[in-house]
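Notes follow the structure.
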Amino acid sequence: MDFNLKERTAMIHGPFSSTVQSLMMGLTQMGANCVLLDTDVSNSVRFCNQINDTREINPQFGRAMGVKNPLQTDADFKEAVGSVAHTFGSVDLFIDAQLVNTPNRFKIGEPIDYFDEEILRNFKSSVILSHGVLSYLKSRKRGRLLYLMNETYPDPIVAGTRGALISFTQALAKQIVEHNITVNVLSLGLTEELVLQQYPEAGSIKKAVELMKKKDATLKITEPDKVTNAVAFLLSQAGTVLNGQHIKLT
């Protein structure tokens, strides 16, 4: 399906994963400029350069770049959004792709010393960045916010802090609809990142999948291209029909 995102700027918040790579590749081919916002963008430099080199051959493609920011304080978040807007003129699309899914650290009777860390990473950073982006979207009378999350989380603290975005989305949708802005949550099935995070000792996707299928033979990986197509639909003009929804992609 062909979605025209030409002259739109997509800010993607999250680690440089295979899912994010697929998103950046797919969205730039649809004409969007993509900016990856992360605490470390060293691994994405070569990838962004390859996308920009391709644009020399096909000028209809968008550009790609990484913006490094510690993303710890309110000032950091404000600077990050301002940097993206200054580089490309504005921000039209925000994708929160914090898909980190660590093994369960919650132990009954033991301190939850990672609680504040997970609140910042999984919920607070997403909300503050969204708040900053909404200022640009409101002035342009159009825009999309999209939160990506895993369908399941083994750690209840991670599940709670990330899952809070569902209620946030449902309430926010009612406030922004008059400005032609939508916000949705897309839950992903079994991604490559999730498999490796659960079985880091496996060393490869193939081996990790084999280990997981010993517990459930019906498991299958949600391919990055499938995620990209779903995201492209939600970000496009066709996506205006969905707002405040929690969509599960299997």
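The values are calculated or read from the model by the stated rules, or taken from the named source; none is laboratory data. Computed from a prediction, not measured in an experiment: that's the story for all the values here. Using ideal geometry, Cβ is built from the backbone for each residue, glycine included, and neighbour counts are taken over all protein chains shown. These area figures cover heavy atoms from the full protein model, side chains too; ligands, DNA and RNA do not enter into them. Shrake-Rupley method; radii C 1.70, N 1.55, O 1.52, S 1.80 Å.
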Test: residue in the stretch 171-179 that is closer than 22 Å to P15 by Cα, open to solvent by less than 60 Å² (accessible area, probe 1.4 Å) and touching a residue at least 24 places away in the same chain (Cβ under 8 Å): no
Any hit, the stretch 26-42, residues being crowded, with 22+ Cβ neighbours inside 10 Å, of a type in the set (D, E) and over 21 Å from N4 (Cα atoms): yes
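Part of a strand (DSSP E or B) and either among the aliphatic types (A, V, I, L, M) or open to solvent by less than 70 Å² (accessible area, probe 1.4 Å) (or both), is that true of L145?
Numbers: part of a strand (DSSP E or B): yes; either among the aliphatic types (A, V, I, L, M) or open to solvent by less than 70 Å² (accessible area, probe 1.4 Å) (or both): yes.
When the stated conditions are applied, L145 passes them.
Could you check, for the stretch 104-112, whether at least one of its residues is open to solvent by less than 60 Å² (accessible area, probe 1.4 Å) and of a type outside the set (F, W, Y)?
Kept after step one, since they are open to solvent by less than 60 Å² (accessible area, probe 1.4 Å), are these residues of the stretch 104-112: none.
No, the stretch 104-112 has no match at all.
Name the residue, out of S187, S135, S126, that is assigned to a helix (DSSP H, G or I), under 14 Å from the mean Cα position of the chain (by Cα) and among the small types (G, A, S).
Details: S187 fails: assigned to a helix (DSSP H, G or I); S135 fails: under 14 Å from the mean Cα position of the chain (by Cα).
One residue alone meets the criteria, S126.
Output the residues belonging to the stretch 102-123 that are part of a helix (DSSP H, G or I) and among the small types (G, A, S).
Quick first cut of the stretch 102-123, residues part of a helix (DSSP H, G or I) only: 115-123.
Scanning the stretch 102-123 gives no hits.
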Residue within the stretch 79-92 that is free of Cβ contacts under 8 Å to residues at least 60 places away in the same chain, part of a loop (DSSP other than H, G, I, E, B) and either open to solvent by 20 Å² or more (accessible area, probe 1.4 Å) or of a type outside the set (S, T, Y) (or both) present: no
In the stretch 22-42, the residues that are in a helix (DSSP H, G or I) and either touching a helix residue (DSSP H, G or I) at 6+ places or on another chain (Cβ under 6 Å) or closer than 26 Å to R140 by Cβ (or both): S22, L23, M24, M25, G26, L27, T28, Q29
